[in-house]
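Only one structure is covered here, and it is reproduced in the block below.
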Amino acid sequence: MLLLFLPVPPPIVVVFTLAVVLYLAVVELRELRPHYLWWSWWLLLVFMTHFVGYLGLRGYAFYRRRSEARA
């Protein structure tokens, strides 16, 4: 029951995790080498949706690599 009343994480934790996820997105985008507009779109999506946006980027990268491997 005590777990339901835990305080909201401090802002520093949220900022740190956002920085880590943005760093991972940059690493992934450097490998994909998309156009700069795609860079800004993906980074903005990751920034606005945080971890969910990063998972979307990982899914897109997996799909793109698999499609290129078949061709």
A careful count of residues in the stretch 9-52 that are in contact with a Phe, Trp or Tyr (Cβ under 9 Å, 6 or more places away or on another chain) and not in a helix (DSSP H, G or I) gives 1
Out of (1) exposed (fewer than 15 other Cβ atoms within 10 Å of the Cβ); (2) on the phi > 0 side of the Ramachandran plot; (3) touching a residue at least 12 places away in the same chain (Cβ under 8 Å), the odd one out for Arg33 is which?
(3)
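Laboratory data are not the source of any read-out in this text; all were calculated from the coordinates shown. A quick note: this is a predicted structure, and the numbers were derived from the prediction, not measured. Using ideal geometry, Cβ is built from the backbone for each residue, glycine included, and neighbour counts are taken over all protein chains shown.
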